[in-house]
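Below you'll find the structure, written out as structure tokens, and then a few comments.
The values are calculated or read from the model by the stated rules, or taken from the named source; none is laboratory data. Since the model is a prediction, treat every value here as computed from it, not as a measurement. Virtual Cβ from ideal backbone geometry, glycine too; neighbours counted across all protein chains shown. All accessible areas refer to the heavy atoms of the entire protein, side chains included, with ligands and DNA or RNA removed. Shrake-Rupley method; radii C 1.70, N 1.55, O 1.52, S 1.80 Å.
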Amino acid sequence: MNVLVTILNFISQEILNVPAYLIGIIAAIGLAALKKPAGQVISGGLKAALGYLILGAGANVVTAALDPFGQLVFHATGAHGVVPTNEVITAQAAAQFGATSAYIIVLSFVLMLLVARFTPLKYIFLTGHHMVFMSMMLALVLSVGLGAKHQLLIVIIGSLLMTVAMVAMPSFTQPFTNRVTGNDQISVGHFNSLGYALSGALGCVVGKKSRSTEDINFPKGLSFLRDSMVSTTVLMVVLYLVFAIWGAIVVPRDQLFAIFSSQAPTDYGGYIMAAFAEALQFGIGVSIILYGVRIILGELVPAFQGIAKKVVPGAKPALDIPIVFPYGPNASLIGFLASFAGGLVALGIIAVWLGPAWGVALILPGMVPHFFDGGGAGIFGNATGGRIGAIVGAFVNGILITFLPAALMGVMGSYGVANSTFGDADFCWYGTIVGHVVQLGFTPGVIGSIIVAAVLFAAAWIWQVRVVDTGWLPAKAHAAFIDEVKREEKEAARAARAAKKAASDDQPAA
């Protein structure tokens, strides 16, 4: 009996309690269920585990690069500066909440399959990294509010909340997604659904007679911004240098150089280059994290997708936001720039008013969320409101993903001062509501969390049955305008060809 207890204790504490091992086991089980060869099962499990370990290694690099940056912002402005990056805050919290997060992922995926099988919300959420981020956010917020000792209850409530989010949010964006793609074959499974739906709705209002962004010949010189690694590094270099120069003006020399004590700058030239080097380190760390995430997804998503097809035939796959990028390449780039502009405006409001008056954290623009969320918002806005819709929708999205992360930090406990937070709208509004609910006390928090899940689920069910399943499409006026423009362009082209042919026929033979 003692041997059995020892073995079970070893398995629970040394294997199932280690997130990397647990993720590897999940991937291996999924691949085995799909009847993959033994070699592929072993390889997939190892790759998934290694991906999680790589994610942690990248987090260490990013954390080291963010520390001096946070000090720079604090010394230069007196405000606490935070870069909202999902990968970073997830990796930072993984050591404490990783096992809880992994259990939430597994249970919520099973519950999602059951919900999709037996309700009208037939969406299978397959964006693996957002599953990791959402599970970590819920594990963190619930642990802070309810107490980390209640792990089983946190896993159950977190799984319930995550299941509802995975089937509800694709439903709310589905009519707009159908307008973007022109069919109802896919859904968007990306937790910035509030930003996409709002952008699509704004497009309906402001862009009824606005031409499409895809009629614009966008400068190829800005195409490098589509590479998230490059764009993230460029932004961090700019931010680091701006605050480094700002600090050089207002902060005493000794305090300033002490920020980069590991590189021991002795003059302002060395100080500037130390800031530049740390910015590059941030880009390197994010790249390592993204590489680790890609390895995890390469094994988890195929296993989950294959199982889902067998259990829920006919369900729609809810996929990552880049799935819509081919429907609006120009809109994605315009959306990114407009979202970033919205982030800067919101940053100014926080720095000038909300920060000094209310102590709101200074949320610095994160290139990754602005690129993906802003690009997606631009595409949704363009589909319903053309160029104006793309700009306005993405700009508002940029404001959202600046203010909402600041709100989320208020319920993150000690992680609210970790120089990072979650960056997408759904993580932030959902986490903020759940966080405030669980802070009401243990019993009210538990009951309140279940009510939050029930309300969101009921709203999505009603929306699905009364709106999505009836075939409603937004922005019919804008669609009619675009059709008319296309007809006029075709008639003009036909007339030009006819005129050219007539002119050719009138030419005398040689």
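Ala407 meets all of the listed conditions (1) touching a residue at least 40 places away in the same chain (Cβ under 8 Å); (2) hydrophobic (A, V, I, L, M, F, W, C); (3) in a helix (DSSP H, G or I) but one, namely (1). Any residue at all in segment 34-45 that's under 21 Å from the mean Cα position of the chain (by Cα) and part of a helix (DSSP H, G or I)? No, segment 34-45 has no match at all.
Within segment 229-240, the residues that satisfy the criterion of being at pLDDT 85 or above and surrounded by 15 or more Cβ atoms within 10 Å (Cβ to Cβ) are Val237, Tyr240. Inspection of segment 365-386 finds a residue satisfying the criterion of being more than 23 Å from Val180 (Cβ to Cβ) and either in a helix (DSSP H, G or I) or hydrophobic (A, V, I, L, M, F, W, C) (or both).
One residue stands out in segment 46-63 among those that are crowded, with 23+ Cβ neighbours inside 10 Å and more than 18 Å from Asn86 (Cβ to Cβ): the one that is nearest to the chain's Cα centre (by Cα), namely Ala48. The residues on offer are Leu362, Leu347, and the sole one that is more than 16 Å from the chain's Cα centre (by Cα), closer than 24 Å to Trp429 by Cβ and modelled with pLDDT under 85 is Leu362. No other residue among Gly207, Gly247, Gly292 is at pLDDT 85 or above, under 30 Å from Leu333 (Cβ atoms) and either open to solvent by less than 30 Å² (accessible area, probe 1.4 Å) or of a type in the set (Lys, Arg) (or both) apart from Gly207. Screening Ala475 on (1) in contact with a helix residue (DSSP H, G or I) (Cβ under 7 Å, 6 or more places away or on another chain); (2) on the phi < 0 side of the Ramachandran plot shows it passes everything except condition (2).
Pro356 passes every criterion in (1) in a helix (DSSP H, G or I); (2) crowded, with 24+ Cβ neighbours inside 10 Å apart from (2).
Inside segment 88-121, residues that are polar (S, T, N, Q), closer than 28 Å to Asp469 by Cα and open to solvent by less than 10 Å² (accessible area, probe 1.4 Å) make up a count of 1. Among the residues of segment 122-178, write down those that are touching a Phe, Trp or Tyr at 6+ places or on another chain (Cβ under 7 Å), more than 28 Å from Gly413 (Cα to Cα) and either open to solvent by less than 10 Å² (accessible area, probe 1.4 Å) or modelled with pLDDT under 95 (or both). If the condition is that a residue be touching a Phe, Trp or Tyr at 6+ places or on another chain (Cβ under 7 Å), more than 28 Å from Gly413 (Cα to Cα) and either open to solvent by less than 10 Å² (accessible area, probe 1.4 Å) or modelled with pLDDT under 95 (or both), then Leu126, Val167, Pro170, Ser171, Thr173, Pro175 are the ones that fit.
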